[in-house]
Amino acid sequence: MPTLTRLLAFLAVIAAIAYGAMFALANFVQPTTHQITVEIPASKIPQTVIAPPPPPAPAPPAEPAVQEE
């Protein structure tokens, strides 16, 4: 059992160091921002139609109802 306790304590210390490093990086390091320009060849851009779709075809006229007496 002492070996298991020692292992768990060692893993807890490693986790605490990792957590502390992440906390320090998140709170004390300010990122630098700058613009990036990336040229994309026109052949890589998918061609899409910008025009609206054509209107649907008109429905055929309905036949008049025939009344039988």
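The values are calculated or read from the model by the stated rules, or taken from the named source; none is laboratory data. Keep in mind that what you see is a predicted model, and the values were worked out from it rather than measured. Methodologically, a virtual Cβ is constructed for each residue, glycine included, from the backbone with ideal geometry; neighbour enumeration extends over all protein chains shown.
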Output the number of the condition that ILE45 fails; it satisfies all remaining conditions of (1) among the β-branched types (Val, Ile, Thr); (2) modelled with pLDDT under 90; (3) surrounded by 10 or more Cβ atoms within 10 Å (Cβ to Cβ).
-> (3)
Here are LEU11, LEU4: which of them is exposed (fewer than 10 other Cβ atoms within 10 Å of the Cβ) and assigned to a helix (DSSP H, G or I)?
-> LEU4
Looking across the stretch 18-42 at residues that are of a type in the set (Ser, Thr, Tyr) and loosely packed, with under 10 Cβ neighbours inside 10 Å, the single one that is modelled with the highest pLDDT is THR37
